[in-house]
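Values quoted throughout were computed directly from the atomic coordinates according to the rules given, and no laboratory measurement underlies them. Since we're looking at a predicted model, the values are computed, not measured. Quick reminder, even Gly has a Cβ in these numbers, built from the backbone with ideal geometry, and neighbours come from all protein chains shown.
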Amino acid sequence: MKRVTGIGGVFIKAKDPEALGSRYKRHLGIDIKEWGGFTFHWHTPEEPNPHGATVWGLFKEDSSYFGAGSAPFMINYRVHDLAFLLDALRREGCAVEPKTEDSEYGKFGWVTDPEGNRVELWEPPPGPAAD
């Protein structure tokens, strides 16, 4: 069974998310949306219509969304089957958080690596974006 199938998002803590977002927009052309991030849609010559996405987002530096660690960033990995992967990680002795979320955006779970970095795992909802 596949585990990680891609990067679903990159999240960065910022002292001033609005100012940093303005800088990224001005210098790199990343048009930060009102919700604090931007979605890059995937397409290829074989798949000209977007069929997946990676989110890039800014969070306040005191956000608890990144877990208890001190890392200034968090990576969200796309996974094929979240329940399968979380069970496998638990059996392998990984620090898997007991809480998961299921929403219109998909299923989410978290694991903390040995250096204290929180990793978000995301199973997209069924449909073209899940490919």
Tally of residues being over 15 Å from G8 (Cβ atoms) and of a type in the set (A, V, I, L, M, F, W, C) across region 67-101: 10
Search result, residues across region 98-116 that are exposed (fewer than 14 other Cβ atoms within 10 Å of the Cβ), under 21 Å from G6 (Cα atoms) and not small (G, A, S): E101, D102, E104, Y105, D113
2 or more residues in contact with an Asp or Glu (Cβ under 7 Å, 6 or more places away or on another chain) and surrounded by 13 or more Cβ atoms within 10 Å (Cβ to Cβ): qualifying strands (runs of 3 or more DSSP E) within region 1-87: 4-14, 73-79
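Among the residues of region 83-131, which ones are small (G, A, S) and touching a strand residue (DSSP E or B) at 6+ places or on another chain (Cβ under 7 Å)?
First, pick out the residues of region 83-131 that are small (G, A, S): 83, 88, 93, 95, 103, 106, 109, 116, 127, 129-130.
A95, G106, G109, A129, listed by residue number.
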Top-ranked residue of region 1-20 - restricted to ones that are within 11 Å of the chain's Cα centre (by Cα) and not aliphatic (A, V, I, L, M), ranked as farthest from L121 (Cα to Cα): F11
